[in-house]
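These notes are about the structure you will find just below.
The values are calculated or read from the model by the stated rules, or taken from the named source; none is laboratory data. It should be emphasised that the depicted structure is a prediction, and the values quoted were computed from it without experimental measurement. Here the Cβ positions follow ideal geometry from the backbone for every residue, glycine too, while neighbour counts run over all protein chains shown.
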Amino acid sequence: MDRDIRRALEALADEAYRKFASSLIPNADHLLGVRLPELRRLAKSIARNDDWRAFLRHADNRYFEETMLQGMVIGYARADVEELLRHVAAFVPRIDNWSVCDSFCAGLKFAKAHRRRVWDFLQPYLASDREFEVRFGVVMLLTYFVDDEYIDRVLEWCGRIRHDGYYAKMAVAWAISVCFVHDPERTMAWLEESTLDDFTHNMAIRKTIESRRVDADARNRLRGMMRRPVRATRSDE
């Protein structure tokens, strides 16, 4: 099966897209250049097969797309939540770039139906000392937990995370901007009192201002809250 999957991926490779994707995704070595819609179609096909568990056990990670495909299969697979979370836990250590992380999180739609269990599952990742484990946890929060029930807990975690990694900080900034769109008044008040580091604080404001769903008055107020710029260094630099 592994050889068949690799041959299928190689047949879908697009050299022009490979060069484009390589410029956007640090740490993504050995790209074939397969576009995401093609990967999703292949992942759905594998997930419908009774052998999807065997695929996950034996899948290779030589190519970026092979890793991405495994994450997508987990998202499309049909199984109980505890089994799916075991597969998620096995996959997370393979995440070493923002693209795999964010695509993986977007595909874990079973989280919507099991939010209490998934919230508990995410806690160790949010407290991790590994950059992409933190990013995984935060992107899961901003994707599935920004609503009236959980927003205070999401903001609390955004304020607690102190990881120095660029991609962890950017995830926190992104999460705050999503919270702001959902509840501007609550998030504005939180930002005014937060103890975020300067880089994350400024990036949260910048990403919020960029949203078309934030009105002009809020944007002006946010601009006045910017701190002296501080640059964060990416782990791949």
| message | Looking at Leu142, Leu122, can you tell me which residue is buried (at least 17 other Cβ atoms within 10 Å of the Cβ) and without any contact (Cβ under 8 Å) to a residue 24 or more places away in the chain? | response | Leu122
| field | Unmet criterion (only one of (1) farther than 29 Å from Asp120 by Cα; (2) surrounded by fewer than 19 Cβ atoms within 10 Å (Cβ to Cβ)) for Ala90 | value | (1)
| message | Of everything in the range 193-228, what is surrounded by 14 or more Cβ atoms within 10 Å (Cβ to Cβ) and touching a Gly at 6+ places or on another chain (Cβ under 9 Å)? Give them in sequence order. | response | Ser194, Leu196
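One residue is enough: does the range 91-106 have a residue meeting the conditions more than 15 Å from the chain's Cα centre (by Cα), closer than 30 Å to Val154 by Cβ and in a helix (DSSP H, G or I)? Step through it out loud before you land on a result.
Pass one, the range 91-106, residues more than 15 Å from the chain's Cα centre (by Cα): none.
Scanning the range 91-106, I find no residue that is more than 15 Å from the chain's Cα centre (by Cα), closer than 30 Å to Val154 by Cβ and in a helix (DSSP H, G or I), so the answer is no.
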| field | Failed criterion for Arg41 (all others in (1) surrounded by fewer than 19 Cβ atoms within 10 Å (Cβ to Cβ); (2) not assigned by TED's automatic domain parsing to the domain that holds Leu9 hold) | value | (2)
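Out of all the residues in the range 79-88, is one or more touching a residue at least 40 places away in the same chain (Cβ under 8 Å) and not assigned by TED's automatic domain parsing to the domain that holds Trp174?
In the first step, residues of the range 79-88 are kept if they are touching a residue at least 40 places away in the same chain (Cβ under 8 Å); the result is none.
Within the range 79-88 (the criterion being touching a residue at least 40 places away in the same chain (Cβ under 8 Å) and not assigned by TED's automatic domain parsing to the domain that holds Trp174), the answer is no, since none of the residues qualifies.
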